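What follows is calculated from the coordinates using simple rules that are stated; it is not laboratory data. What you see is a predicted model; the values in this text were computed from it and never measured. Please note: Cβ atoms are built from the backbone with ideal geometry, for glycine as well, and neighbour counts cover all protein chains shown.
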């Protein structure tokens, strides 16, 4: 008769592997973390916070985002209220240059170091790129030296080069979910097409911002799969969104991710991505409320989007800045790399 | 929360008459995580621009309303 194999505790392993050596968890290990019982969440968050402090430092990167072109998107991302394929109440709108300059100024005034210009498109056309170019020029002429990121969908090499030339330092293009789940979420383009754009961005020297949305019907296995697929990409930043079930979208009746599950996900993603900027993005207000946001910030998150999102509202920026002060978390200074 | 005048007949979140049905779920989102999408006076879908510090919503018939902040 042989003795039963000794149970190895995943957090004990993570303490050595991730905290001490800086090696992210494997897919199987992430899945184990995602299956931890609620009573072990505080222990998980404490470890995730220690990992973040050890490999990223105490600073928090603050960002504002704005929608340059809203709605009317030809793609069918099932979570998105800006798709023209669903009966969403969101109507098409373009932000003009003065509006963009004002939004950038408001963002900089919060102490944010990042301003992301976003458009709901499959990929940018000449008109959109021209608007981005004019917008960046106007922001600079306004005396605003905030770092500018863009999120304009899938790119060609020529467009990547153009954005580099404009001075865009980071590009957001989310993989959204695990490769195995992506065809259930989007049918008008593939996960691989997004991956190709991300590779071009990296090769061109722009920082890669790539994350996704939790709560789109993926299994825990697929959530773990997604975490390690992101790790394989080695992104500079991972924005972590939680589904906001928006009216008119195929996911309008999906349940909101519950706080404990979301916190487990935050902790697990930090343990899979020890050195990455992990950003709280959309949906945190609905999922966490005030208390949970603090727990997340003390559980591995080291960046936030302040103010409103693209079509949804966030907390007033000052509320988040006050939270960072209360947590004694310094805001990253402009041009200082995490 | 918003500036602008006029009778509030329709729900800004779902666009249905406020006097009919239960709008508790709408109220939990409107102004909290969603700007108004429908004109409160005529229920037309509005053109909404969200920015980091606020939002504007424009009805083709009744004009623009904006967030207080």
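One table, with the values for the structure above:
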| quantity | calculated |
| --- | --- |
| Sorted by Cβ density within 10 Å, fewest first, the residues A:208, B:8 | B:8, A:208 |
| Neighbour-count ranking [beta-carbon atoms within 10 angstrom, fewest first] of A:114, A:193 | A:193, A:114 |
| Neighbour-count order for A:171, A:251, fewest beta carbons within 10 angstrom listed first | A:251, A:171 |
| Solvent-free Debye scattering, log10 I(q)/I(0), computed from the Cα coordinates of the range A:131-205 at q = 0.21, 0.22, 0.26, 0.28 Å⁻¹ | -0.91, -0.96, -1.17, -1.28 |
| Alpha carbon convex hull of chain A, projected area averaged over orientations, nm² | 17.4 nm² |
| Of all DSSP beta bridges in the range A:26-326, antiparallel share, percent nearest 5 | 5 percent |
| Residue-averaged [θ]222 nm for chain A, counting only DSSP H segments that reach four residues, each worth -39500 (n - 2.57) | -12000 deg cm²/dmol |
| Rg/Rh for the range B:2-67, where both radii come from Cα atoms and Rh is the Kirkwood radius | 0.94 |
| Share of Cα-Cα pairs in the range A:206-338 lying beyond 18 Å, as whole percent | 54 percent |
| Angle in degrees between helix A:97-109 and the longest Cα principal axis of chain A, rounded to the nearest 10 | 40 degrees |
